[in-house]
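**Q** This is the structure I have questions about; it appears just below.
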Amino acid sequence: MSRIKNLARYLLFLSLIISLPSFSTSKDNDPHYTKNGFFDIHVCNWPDRSPFLLALFSSLQFNEIKSVEILSPAGISIGQLDLNKFRTFTTKKKQLKKAFIKHFSIPKPASDGWYSAIITLNNNKQLIAKDFVQHKLLPIVSDPTPKNNASNINLPTTLHWKAIPGAKFYQIFITDLWQDGKVIHTSKLLNTNSITLPKDLLQKGGLYNWRIHARDINENIKLGDFNHGSLSTKLSFSIAE
């Protein structure tokens, strides 16, 4: 069972990455972009750990990167991205891209302001990308329907949850526990607190987990992809035969 749990968590993590937009390598007047890639950092509220920062740098020219160091608004280094840990994916133009991602502790005291990514290239040239962070916590979803651990329910056609104050978008991840925790559905960004399930996604006699990722905004020129987000606990239900 621990193997299944670890696999499900890993797949969820990858799904969250895959859900990111297909950013181009540069955009005029947007401080998140450099000629080498895109930088963003979020305040995350997850149920199984203390709040943390998730920093990301994605690039098509990943072979040119020597290091990526993250600075707080006070100009103090909070650490470097691990260039040996990344997710690869293909853009719409069939170009290979890598996303380097790392979790960091929130600086104490936390102060709102511009976080910086210092991107050092192999030729020692440095590029700087910035993201403004407001240190807020987005509440975690409550009152899901079906309820957590609901047993032998009728085959659902929709999933619901109580809207989160401050959340404008949601994304749903559904895993099939009879398939070793395989992610069987990753929704698009939703602007409502419910989702209509694709036909034939769920089966009678099935056992499923679902999780809800909430975010405050989407693709903001100052706050980035989003500023703060939350992730629900794993919500389980079984369907009657």
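The values are calculated or read from the model by the stated rules, or taken from the named source; none is laboratory data. None of the values given here were measured: they were computed from a predicted structure. So basically every Cβ, Gly included, is an ideal-geometry build from the backbone, and we count neighbours across all protein chains shown.
**Q** Kindly list, by first and then second residue, each pair from a residue in the range 104-121 that is more than 29 Å from Glu64 (Cα to Cα) and touching a residue at least 60 places away in the same chain (Cβ under 8 Å) to a residue that is assigned to a strand (DSSP E or B) and among the basic types (Lys, Arg), limited to pairs with Cβ atoms under 9 Å and residues at least 6 apart or on different chains.
**A** From residues that are more than 29 Å from Glu64 (Cα to Cα) and touching a residue at least 60 places away in the same chain (Cβ under 8 Å), there are no pairs.
**Q** Does any residue of the range 140-156 turn out to be among the aliphatic types (A, V, I, L, M) and modelled with pLDDT under 95? I'd like the intermediate steps shown before the answer.
**A** Taking the range 140-156 as the starting set, the residues that turn out to be among the aliphatic types (A, V, I, L, M) are 140-141, 150, 153, 155.
With modelled with pLDDT under 95 added as a condition, the list becomes 141.
Checked against the condition, which is being among the aliphatic types (A, V, I, L, M) and modelled with pLDDT under 95, the range 140-156 yields at least one hit.
**Q** A follow-up question, please. Of these, Lys5, Lys98, Lys92, Lys66, which one is assigned to a loop (DSSP other than H, G, I, E, B) and either modelled with pLDDT of 95 or more or over 15 Å from the mean Cα position of the chain (by Cα) (or both)? Explain how you work it out, then say what you get.
**A** Working: Lys5 fails: assigned to a loop (DSSP other than H, G, I, E, B); Lys98 fails: assigned to a loop (DSSP other than H, G, I, E, B); Lys66 fails: assigned to a loop (DSSP other than H, G, I, E, B).
Exactly one of Lys5, Lys98, Lys92, Lys66 is assigned to a loop (DSSP other than H, G, I, E, B) and either modelled with pLDDT of 95 or more or over 15 Å from the mean Cα position of the chain (by Cα) (or both), namely Lys92.
**Q** Can you name the condition, by its number, that Val141 falls short on among (1) over 22 Å from the mean Cα position of the chain (by Cα); (2) surrounded by 15 or more Cβ atoms within 10 Å (Cβ to Cβ)?
**A** Checking Val141 against (1) over 22 Å from the mean Cα position of the chain (by Cα); (2) surrounded by 15 or more Cβ atoms within 10 Å (Cβ to Cβ), the one that fails is (1).
**Q** Among the listed residues Arg215, Arg211, which satisfies the condition of being more than 23 Å from Ala240 (Cα to Cα) and either touching a Lys or Arg at 6+ places or on another chain (Cβ under 7 Å) or basic (Lys, Arg) (or both)?
**A** Details: Arg211 fails: more than 23 Å from Ala240 (Cα to Cα).
One residue alone meets the criteria, Arg215.
**Q** Another question, then. Among the residues that make up the range 135-150, is at least one of them part of a strand (DSSP E or B) and touching a Phe, Trp or Tyr at 6+ places or on another chain (Cβ under 6 Å)?
**A** Applying the first criterion (part of a strand (DSSP E or B)) to the range 135-150 yields 145, 150.
Of the ones still in play, those that are also touching a Phe, Trp or Tyr at 6+ places or on another chain (Cβ under 6 Å) are 150.
Yes.
**Q** Residue by residue through the range 209-230, note down the ones that are part of a strand (DSSP E or B) and in contact with an Asp or Glu (Cβ under 6 Å, 6 or more places away or on another chain).
**A** Going residue by residue through the range 209-230, those that are part of a strand (DSSP E or B) are 209-215, 220, 224, 228-230.
Across the range 209-230, the qualifying residues are Gly224, His228.
**Q** Next question, about the same structure. Select from the range 109-125 the residues that are farther than 16 Å from Thr34 by Cα, at pLDDT 90 or above and either assigned to a strand (DSSP E or B) or not polar (S, T, N, Q) (or both) and list them in ascending order.
**A** Within the range 109-125, Ala110, Asp112, Gly113 meet the criteria.
**Q** Out of the residues in the range 195-221 meeting the condition of being under 24 Å from Trp46 (Cβ atoms) and modelled with pLDDT under 95, tell me which one is surrounded by the most Cβ atoms within 10 Å (Cβ to Cβ). Spell out how you get there, then give the answer.
**A** As a first pass, look at the range 195-221 and keep what is under 24 Å from Trp46 (Cβ atoms): 195, 207-220.
After this cut, where a residue has to be modelled with pLDDT under 95 as well, the list is 216-220.
Working: Asp216: 21, Ile217: 17, Asn218: 14, Glu219: 15, Asn220: 15.
Out of the qualifying residues, it is Asp216.
**Q** Turning to a different aspect of this structure: Failed condition for Thr233, given (1) of a type in the set (S, T, N, Q); (2) under 21 Å from Ser151 (Cβ atoms); (3) surrounded by 19 or more Cβ atoms within 10 Å (Cβ to Cβ), with all others met?
**A** That leaves (3) as the condition not met.
**Q** Moving on to the next point. Output the number of residues of the range 173-188 satisfying the condition of being assigned to a loop (DSSP other than H, G, I, E, B) and either free of Cβ contacts under 8 Å to residues at least 40 places away in the same chain or over 19 Å from the mean Cα position of the chain (by Cα) (or both). I'd like the intermediate steps shown before the answer.
**A** Step one: filter the range 173-188 for residues assigned to a loop (DSSP other than H, G, I, E, B), giving 180-181, 187-188.
Cutting the leftovers down to either free of Cβ contacts under 8 Å to residues at least 40 places away in the same chain or over 19 Å from the mean Cα position of the chain (by Cα) (or both) gives us 180, 187-188.
Count: 3.
**Q** Just the residues that are closer than 18 Å to Thr196 by Cα, surrounded by 15 or more Cβ atoms within 10 Å (Cβ to Cβ) and among the aliphatic types (A, V, I, L, M), please, taken from the range 144-162.
**A** Leu159
**Q** Looking only at the range 30-55, count every residue that is assigned to a strand (DSSP E or B) and in contact (Cβ under 8 Å) with a residue 60 or more places away in the chain and tell me the total.
**A** First pass over the range 30-55, keeping only residues assigned to a strand (DSSP E or B): 33, 38-45, 52-55.
The next check asks that each one be in contact (Cβ under 8 Å) with a residue 60 or more places away in the chain; those that pass are 33, 38-45, 53, 55.
Total satisfying the criteria: 11.
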